[in-house]
2 protein chains.
Amino acid sequence: MCTGKLMVIGIGPGAPDEMTLRARSALESADVIVGYKTYLALLTPWLTGKKVVGSGMMQELQRCAEALKRARKGERVALISSGDAGVYGMAGPVYELLLESGWRPDGGLTVEVIPGVTALLSCASRIGAPLTHDFCAISLSDLLTPWTVIEKRLHAAASADFVTALYNPKSRKRTEQIVQAQAIFLHHRTPDTPVAIVTAAGRERESTTLADLATMLTHPIGMQTTLLIGNSTTFVQSGVMVTPRGYSDKYDLGKAMERT
Amino acid sequence: MCTGKLMVIGIGPGAPDEMTLRARSALESADVIVGYKTYLALLTPWLTGKKVVGSGMMQELQRCAEALKRARKGERVALISSGDAGVYGMAGPVYELLLESGWRPDGGLTVEVIPGVTALLSCASRIGAPLTHDFCAISLSDLLTPWTVIEKRLHAAASADFVTALYNPKSRKRTEQIVQAQAIFLHHRTPDTPVAIVTAAGRERESTTLADLATMLTHPIGMQTTLLIGNSTTFVQSGVMVTPRGYSDKYDLGKAMERT
């Protein structure tokens, strides 16, 4: 009977204090830590005395397979995702590989997914309160998803007035998707719709820019950027981006302040 | 010059170890903790020696105003949201009240939003990996939002094949919205589309049920429930709900396992 354990850990945006207590305990309890080199570099305080297996970008399946192989041998393995472990994260390929191989939850090898603060939450917190109403997350990477599917979702999100987080907006090789996403949103929303451009939240060189749909492409956007496009009621005032929940339609905000 | 500080803290789903280290430090540093009584009960270890101001449900604006009043007097105030502080959370009304009163970020009173693990992430982690592809969050509460807006978003999410998290699906008084949401999804998706029903994640009496679109309403759904409706590729196997990212279309998963 296998006694190994695979913990798929979302470490949050990057700053060590933005991971959960549960994620920290899991890291501390691990025999071996497997992850993308860039993320492992964020975890230096927790790597001392551990076996560490780092690999390059685009090697998700290899990392999963390595982590599973070690857990099957009886090791206690931490597999690292940035942000949340499930949002476009490692929990997906881990379960796909496991189920493909006939694994069952009661079969010995234990799997635990430990959630974390995904990019749309960490980015939103840095610029105000843009997620106070319905929202969606769309990845612009067409490496594993046909562009027609992504395009349809962009139209749906824009036309139904969701606050929209764009993950993986651009890389050195993929530069056209964000241009098309902007065009689709401009088809449904006004050019002055607020857009937040947050890069490397919680890491060195963090940057935050408030722009709008018309001007968003004049600012730097890269691999570590997440964009948040407001809905039709989102506004920017005094440098803060807010999507109202609707209290002001129902209650007098000034009176709410006076009452106390 | 006001030296007070208002920290709007997302404490995660409820279990004390699912909050971030940053949230814990913020709680520890606060003079006073303001929140909905049910959430304060989850924070008992951090309340000792603090001033605590609890209030009932539906009193969001009063809680915000109370927290702001105290911060303006120079206190260091922690205002509690469950899950994330920005997702349908307290960060929204806080900034609305502040901006309404002419506050500016450089004007003395400091505001910090501390993100946390929102319900869709904590629920997803408990049932597998349903969020490995584009997703959206829709609140079914029509207290502050016209039902026509919610209905349009449900149609958009269902037709564009988003994995969909339903927040606030049902309360004692609101029982029809979830019935209508099911009907809208059945219009666009097959009856066997997987649906996870997660109640009180991270709290006492946590329960997790895997159902499908056809049968979802035969299970208990309440105030503390979040539903996750899969997309057209989401499957359940061995009790695990997975939305594939698309690796298996591009790579041979069996070979990925053999290679290592």
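Bear in mind that the values in this text are calculations on the coordinates, not laboratory data. Just so we're clear, the structure is a prediction, and the values are computed from it rather than from any experiment. Ideal geometry is used to build each Cβ from the backbone, glycine not excepted, and the neighbour counts take in all protein chains shown.
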task: Order by neighbour count: B:S82, B:S171, fewest other Cβ atoms within 10 Å first, most last.
output: B:S171, B:S82
message: Under a crude label model (7 Å from the Cα following the beta-carbon direction), how far is A:H155 from A:T3 in nanometres?
response: 5.7
message: Give me the net charge for the shell around A:D142: Cβ to Cβ below 14 angstrom, other residues only, Lys and Arg +1, Asp and Glu -1.
response: +3
- prompt: To one decimal in nm, how far is A:A183 from the same spot in the other copies, if labels go 7 Å from Cα toward Cβ? Please give the shortest first.
  reply: 3.9
message: Quick check on the exposure proxy: order A:S125, B:S207, B:S139, A:S232 from fewest to most C-beta atoms within 10 angstrom.
response: A:S232, B:S207, B:S139, A:S125
query: GNM, chain A, Cα, under 10 Å: largest mean-square fluctuation among A:L131, A:L99, A:L27?
result: A:L99
message: What does the C-alpha gyration tensor say about the overall shape of the range A:120-242? Classify as rounded when a/c is under 1.5, otherwise prolate if a/b is larger than b/c, or oblate.
response: oblate
message: Averaged over its residues, how many other protein chain Cβ atoms are within 10 Å of peptide A:99-111's Cβ atoms?
response: 3
query: Rounded if a/c is under 1.5, else prolate if a/b beats b/c, else oblate: with a ≥ b ≥ c from the C-alpha gyration tensor eigenvalues square-rooted, which is the range B:69-119?
result: prolate
- prompt: What residues qualify as long-range amide H neighbours of B:D212, i.e. H under 5 Å apart, gap of 5 or more or another chain, H built at 1.01 Å from N?
  reply: B:V195
message: Residue by residue through A:21-27, how many Cβ atoms from other chains fall within 10 Å of the Cβ on average?
response: 4
task: Return the sequence-ordered ³J(HN,Hα) values of the range A:48-53 in whole Hz as given by the Karplus equation 6.51 cos²θ - 1.76 cosθ + 1.60 applied to θ = phi - 60°, using x for Gly and Pro.
output: 4, x, 10, 6, 10, 10
statement: Ranked from fewest to most other Cβ atoms within 10 Å of their own Cβ, A:R24, A:R72 fall in the order A:R72, A:R24
- prompt: What whole number of Å gives the distance from the Cα centroid of the range A:84-163 to the Cα centroid of the range B:98-145?
  reply: 15
statement: By the C-alpha gyration tensor axes a ≥ b ≥ c (rounded if a/c is under 1.5, else prolate when a/b exceeds b/c, else oblate), the shape of the protein assembly as shown is rounded
- prompt: How crowded by other chains is A:147-160, given as the mean number of beta carbons from other chains within 10 Å of each beta carbon?
  reply: 4
task: Just the number, please: percent antiparallel of the DSSP beta bridges in the range B:120-242, rounded to the nearest 5.
output: 70
task: Using only Cα atoms, locate the centre of the range A:194-254 and the centre of the range B:32-70, then give the distance between them in Å, rounded to an integer.
output: 28
- request: Of the DSSP beta bridges with both residues in chain B, give the percent that are antiparallel, rounding to the nearest 5.
  value: 40
message: Cut-off 10 angstrom, C-alpha nodes, Gaussian network model of chain B. Which of B:G12, B:G202, B:G54 fluctuates the most?
response: B:G54
task: Could you tally the net charge around B:T193, taking each other residue with its Cβ under 14 Å from the Cβ of B:T193, Lys/Arg +1 and Asp/Glu -1?
output: -2
Among beta bridges that DSSP assigns inside the protein assembly as shown, antiparallel share in %, nearest 5: 45
message: Just to confirm a number: summing +1 for Lys and Arg and -1 for Asp and Glu over residues other than A:L121 whose beta-carbon lies under 12 angstrom from that of A:L121, what do you get?
response: -2
message: Pick from A:G239, A:G128, A:G83 the residue whose mean-square fluctuation is largest in a GNM of chain A, springs joining Cα atoms under 10 Å.
response: A:G239
